[in-house]
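Worksheet: one structure, shown below.
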Amino acid sequence: MTSTTPTTSITFEDFISHYGDNEQYELIDGELIDIEPTGVHEQVGAFISRKLNVQIDRLNVPYFIPHRCLIRPLGTVSAFRPDVIVLDEEQLRQEPLWTREPIITRGETVKLVVEVVSTNWQNDYARKYEDYETLAIPEYWIIDYLGIGGKYYIGSPKQPTITLCQLIDGAYQKTILRGGEQIQSPLFPELHLNTNQLFAFNI
């Protein structure tokens, strides 16, 4: 997602009160982030959601992809709006805020998170990576279809890249995918999705 310079510092409660229903904003360390996703960015997210929903139906598992959802890592003043998130319906009864707001605080409720990268790539590769790992979210995909992340994360020369993060022994193990490679998902082992299908949106 594209973001502007944070405009103010607010509490989590103030963020929910004033911006919780406004998909234009998320909160990172008390900083209000104005999100301005491009049309292509939204296409990529929608394409991934469609593919994952097919797998959810095929497997007949109690998972779903909400239209709107916030992740609040406890102990932080942050509220992330993931581009795609797969939730476990059976865990929702343990979520303290869910019946009032679409807010997730427990990593056990989340099966998979996908972030589609644009100009705020630092958040996806660093801050969100750390918090999703701390929450013990089992899978985290970073879809950098433009190839704009830092060279430390995607290598040099820069090119479109997908980073698959799988939680093993409490830490993410990363697999870097480039052109023509297949996405391997432990959650959806029969998913047929390769990098070229996502990189094709970079027009």
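The numbered conditions (1) surrounded by 14 or more Cβ atoms within 10 Å (Cβ to Cβ); (2) under 22 Å from THR134 (Cα atoms) are all true for GLU90 except (1). Scan the range 65-104 residue by residue and report those that are under 28 Å from TRP121 (Cβ atoms) and β-branched (Val, Ile, Thr). ILE65, ILE71, THR76, VAL77, VAL84, ILE85, VAL86, ILE103, ILE104 - these are the residues of the range 65-104 that are under 28 Å from TRP121 (Cβ atoms) and β-branched (Val, Ile, Thr). Filtering the range 142-161 down to residues that are of a type in the set (Val, Ile, Thr) and buried (at least 22 other Cβ atoms within 10 Å of the Cβ), which residue is nearest to VAL113 (Cα to Cα)? Per the criteria, the residue is ILE142. Contact map, the range 105-122: first residue under 18 Å from ILE28 (Cα atoms), second residue buried (at least 19 other Cβ atoms within 10 Å of the Cβ) and of a type in the set (Ser, Thr, Tyr), Cβ cut-off under 6 Å, separation 6 or more or different chains; pairs are VAL113/TYR132; VAL113/TYR140; ASN120/SER3. Which residues, taken from the range 124-141, are buried (at least 19 other Cβ atoms within 10 Å of the Cβ) and either out of contact with any Leu (no Cβ under 8 Å at 6 or more places or on another chain) or farther than 25 Å from ASN196 by Cα (or both)? Of everything in the range 124-141, those that are buried (at least 19 other Cβ atoms within 10 Å of the Cβ) and either out of contact with any Leu (no Cβ under 8 Å at 6 or more places or on another chain) or farther than 25 Å from ASN196 by Cα (or both) turn out to be ASP124, TYR125, LYS128, TYR129, ASP131, TYR132, LEU135, ILE137. Evaluating ILE71 against the criteria (1) surrounded by 19 or more Cβ atoms within 10 Å (Cβ to Cβ); (2) modelled with pLDDT under 95 leaves one unmet condition, (2). The residues of the range 35-44 that are closer than 28 Å to GLU13 by Cβ and surrounded by 15 or more Cβ atoms within 10 Å (Cβ to Cβ), listed by number, are ILE35, PRO37. For the residues ILE35, ILE71, the requirement of being in contact (Cβ under 8 Å) with a residue 24 or more places away in the chain, in contact with a Phe, Trp or Tyr (Cβ under 7 Å, 6 or more places away or on another chain), within 21 Å of THR105 (Cα to Cα) and among the hydrophobic types (A, V, I, L, M, F, W, C) singles out ILE71. For residues that are aliphatic (A, V, I, L, M) and outside any strand (DSSP E or B), tally how many sit in the range 10-59. Of the residues in that region, 10 qualify. Considering every residue within the range 10-19, establish whether at least one is among the aromatic types (Phe, Trp, Tyr), buried (at least 17 other Cβ atoms within 10 Å of the Cβ), touching a strand residue (DSSP E or B) at 6+ places or on another chain (Cβ under 6 Å) and closer than 23 Å to LEU187 by Cβ. Checked against the condition, which is being among the aromatic types (Phe, Trp, Tyr), buried (at least 17 other Cβ atoms within 10 Å of the Cβ), touching a strand residue (DSSP E or B) at 6+ places or on another chain (Cβ under 6 Å) and closer than 23 Å to LEU187 by Cβ, the range 10-19 yields no hits at all. The residues of the range 74-93 that are under 13 Å from GLU108 (Cβ atoms) and of a type outside the set (A, V, I, L, M), listed by number, are ASP88, GLU89, GLU90, GLN91, ARG93.
The values are calculated or read from the model by the stated rules, or taken from the named source; none is laboratory data. Small disclaimer: the values here were computed from a predicted structure and weren't measured. As a convention, Cβ positions derive from the backbone with ideal geometry for all residues, glycine included, and neighbour counts pool all protein chains shown.
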